[in-house]
Amino acid sequence: MEQLVPFSIEAYAQAHSRPESEVRRALREETERTMEYARMVVGPLEGAFLQMMAQLVGAKRVLEIGMFTGYSALCFAEALPEDGSVLTCEIDEPSAAVGRRYFARSSHGHKITVRMSPALETMRTLAGPFDLIFIDADKINYVNYYRRALDLLAPQGVILIDNVLWSGDVLKQPPPDASTAAIQELNRVVVNDPRVTAVLVTIRDGVLVIRRTKEPEGLMNHAV
Ligand SMILES: C[S@@+](CC[C@H](N)C(=O)[O-])C[C@H]1O[C@@H](n2cnc3c(N)ncnc32)[C@H](O)[C@@H]1O
């Protein structure tokens, strides 16, 4: 993943945002030491953003698609009230095993449930509403995840989708690979969906923030 925001700006923003907890720092450092794709972790700045979003919508039930070693799941758990819950989906057992060890160390870890199966299958079995749904798994399925997430979303809820700038590759035409094409398609689908209003935030690799449209018809998203 390419650094889209200059490193010094990112560091400044991070230094002036809610700090990372000790448990998350240890989890991130172990992930960086031991996991090949450690760059997949959202990190402290985006993590603080996810926590802010959860608290702004007063989230109690969070659904996460793509847990990896559990950093973002722990962000949500820390931001939820004591009776809040995070259901997180993963398919890679070695990654999930790292997460489980840190969930056990955190006083918020008991809020997290891990589902080990392909996320689309898990989503089919779930009943909503979820107050916040964070999509951060295989890009090929992004549109499918988005469509199902909208069925599961609470009326005042928010969907957050990660990596929607894909290191800047979303600008490339034709798309260089299937993942880029899938993210371009997702961004098009969302901005043209009259049921939702979205903003693409340029934190890290881009986060799409989506809520149900509340404006009257004339003010809905325009087509691109
Ligand atoms: C970008 S990482 C998630 C990073 C995590 N949110 C964090 O901040 O630490 C994507 C994860 O999605 C998982 N994944 C890929 N395809 C999946 C699928 N079909 N169902 C569930 N998880 C999947 C991968 O194994 C990987 O661990």
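The values are calculated or read from the model by the stated rules, or taken from the named source; none is laboratory data. Remember, it's a predicted structure, so these values are computed and weren't measured experimentally. Glycine also receives a Cβ, built like all others from the backbone with ideal geometry; neighbour counts cover every protein chain displayed.
A compact table of results
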item	result
Top-ranked residue in the range 35-59 [being farther than 25 Å from E121 by Cα, part of a loop (DSSP other than H, G, I, E, B) and touching a residue at least 40 places away in the same chain (Cβ under 8 Å); ranked as nearest to the ligand (Cβ to nearest atom)]	M35
Answer from Q14, Q3 - the residue that is surrounded by fewer than 18 Cβ atoms within 10 Å (Cβ to Cβ) and at pLDDT below 95	Q3
Residues of the range 57-73 satisfying the condition of being buried (at least 21 other Cβ atoms within 10 Å of the Cβ) and closer than 22 Å to Y142 by Cα	V62, L63, E64, I65, G66, M67, F68, T69, G70, Y71, S72, A73
Options V98, V62: the member that is assigned to a helix (DSSP H, G or I) and more than 22 Å from S167 (Cβ to Cβ)	V98
Yes/no for F76 being under 16 Å from V41 (Cβ atoms) and in contact with a strand residue (DSSP E or B) (Cβ under 9 Å, 6 or more places away or on another chain)	yes
Test: residue in the range 164-176 that is within 13 Å of the chain's Cα centre (by Cα) and under 26 Å from E90 (Cβ atoms)	yes
Single residue of the range 35-56 satisfying the filter (surrounded by fewer than 16 Cβ atoms within 10 Å (Cβ to Cβ) and aliphatic (A, V, I, L, M)) that is nearest to the chain's Cα centre (by Cα)	M52
Answer residue from the range 61-70, given it is within 13 Å of I133 (Cβ to Cβ) and not hydrophobic (A, V, I, L, M, F, W, C) and is farthest from the ligand (Cβ to nearest atom) among those	R61
Given (1) under 24 Å from R211 (Cβ atoms); (2) more than 16 Å from the ligand (Cβ to nearest atom), number of the condition P174 does not satisfy	(1)
V114, sole failed condition from (1) within 24 Å of I203 (Cβ to Cβ); (2) within 12 Å of the ligand (Cβ to nearest atom); (3) touching a strand residue (DSSP E or B) at 6+ places or on another chain (Cβ under 8 Å)	(1)
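Conditions (1) in a loop (DSSP other than H, G, I, E, B); (2) surrounded by 22 or more Cβ atoms within 10 Å (Cβ to Cβ), marked per residue:
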{"residue": "S107", "(1), (2)": "yes, no"}
{"residue": "L132", "(1), (2)": "no, yes"}
{"residue": "A154", "(1), (2)": "no, no"}
{"residue": "P175", "(1), (2)": "yes, no"}
{"residue": "A182", "(1), (2)": "no, no"}
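A quick yes/no check of all residues on (1) among the aromatic types (F, W, Y); (2) assigned to a helix (DSSP H, G or I); (3) surrounded by 16 or more Cβ atoms within 10 Å (Cβ to Cβ); (4) within 9 Å of the ligand (Cβ to nearest atom):
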| position | (1), (2), (3), (4) |
| --- | --- |
| P19 | no, no, no, no |
| R28 | no, yes, yes, yes |
| R33 | no, yes, no, no |
| F76 | yes, yes, yes, no |
| T88 | no, no, yes, yes |
| P94 | no, yes, no, no |
